[in-house]
């Protein structure tokens, strides 16, 4: 399979940080032409464009480490300028005793790693705009739910050691009722200091639970509105809710990012990994890839196993063949990834970049 070096005159590798960007221009054979470091701001982005024009004016490609975080601003500018770019993974550390590491060295390694891979296998940078809007909503909702779980655990820990009079008000009630009762607690001046402060702590924690739950519900409604506006056909798929659909769209990003449904399954961590030894022939779980996308597929599998007759029949048949529950879920996630890939191909936007044609 042809490598990227056969299609370009050189690659600009960029190692990104919060305040600075280190860049290295390499020829198609991996020789370092020039290196530079610029501030991570609009002026620095323009300076990098001028750097590229000076040392690689012909066919070139950008390999950016951290294109979705510290390099997001640079990636946005380069995409608007029509520059081909790929996302560089963490550069491999050479097995040397010195273990040398600098920003300049990392930029060179990012460029060389890109040169030595086929263009089809290089990860394309995710689009921003509407995709970024859904991503920030998903991330904020996820952290709100995690904070709510932590607050509920703190509330239950406070109840364990609370004065008996407070604990008596909260027998074996469901969690939501316990939170509601604690949110309505009042200070009693006639009670002991321990009683009053514990009641205040319980009330504060319960109200934080309510606030986080309200924030999560508000974000969920916004996600549902966004997904229904651009991809209502995705919500029609069995087991795909607004959160799973939003994560699918965020990970998909744009048409042309994946060369095949197998590449999409690999990103989702659903591609089976051979784990054979001797006369044992089996596959194991793939624990790599986009774990949020994998979680979305796992949720869809659980819903289908619960409510979809066809999925339940498939699980029963595979169980009769001797497959374990974990293996069945792995197979189902691979099947669903293939189905969703076909659906996601319907989601296309004009002006989507195509890195290179092999």
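For beta carbons closer than 9 Å, sequence separation of 6+ or different chains, a first residue in region 229-252 that is free of Cβ contacts under 8 Å to residues at least 12 places away in the same chain and a second that is surrounded by 22 or more Cβ atoms within 10 Å (Cβ to Cβ), the qualifying pairs are 235/227; 235/245. Looking across region 211-227, the residues that are surrounded by fewer than 16 Cβ atoms within 10 Å (Cβ to Cβ) and within 17 Å of residue 150 (Cβ to Cβ) come down to 211, 214. For region 145-156, which residues satisfy the criterion of being surrounded by fewer than 19 Cβ atoms within 10 Å (Cβ to Cβ) and either touching a residue at least 12 places away in the same chain (Cβ under 8 Å) or closer than 13 Å to residue 179 by Cβ (or both)? Once the filter is applied, which keeps residues that are surrounded by fewer than 19 Cβ atoms within 10 Å (Cβ to Cβ) and either touching a residue at least 12 places away in the same chain (Cβ under 8 Å) or closer than 13 Å to residue 179 by Cβ (or both), region 145-156 yields 145, 147, 149, 153, 154, 156. Exactly one residue out of 185, 202, 220 is touching a helix residue (DSSP H, G or I) at 6+ places or on another chain (Cβ under 9 Å), under 30 Å from residue 343 (Cα atoms) and assigned by TED's automatic domain parsing to the domain that holds residue 139, and it is 220.
Within region 234-259, which residues are out of contact with any helix residue (DSSP H, G or I) (no Cβ under 7 Å at 6 or more places or on another chain) and either farther than 19 Å from residue 125 by Cβ or not assigned by TED's automatic domain parsing to the domain that holds residue 287 (or both)? Within region 234-259, 236, 241 meet the criteria. Of the helices (runs of 4 or more DSSP H) entirely within region 120-212, those holding at least 1 residues that are farther than 30 Å from residue 253 by Cα and modelled with pLDDT of 90 or more occupy 130-160, 175-183. Residues considered: 329, 333. Of these, the only one that is without any contact (Cβ under 8 Å) to a residue 40 or more places away in the chain and assigned to a helix (DSSP H, G or I) is 329. Scan region 309-334 residue by residue and report those that are over 28 Å from residue 143 (Cβ atoms) and crowded, with 16+ Cβ neighbours inside 10 Å. Hits for region 309-334 are 311, 314, 315, 318, 323, 327, 328, 330, 331, 332, 334.
The values are calculated or read from the model by the stated rules, or taken from the named source; none is laboratory data. The structure presented is a predicted model; accordingly, all values stated were derived computationally and were not measured. So basically every Cβ, Gly included, is an ideal-geometry build from the backbone, and we count neighbours across all protein chains shown.
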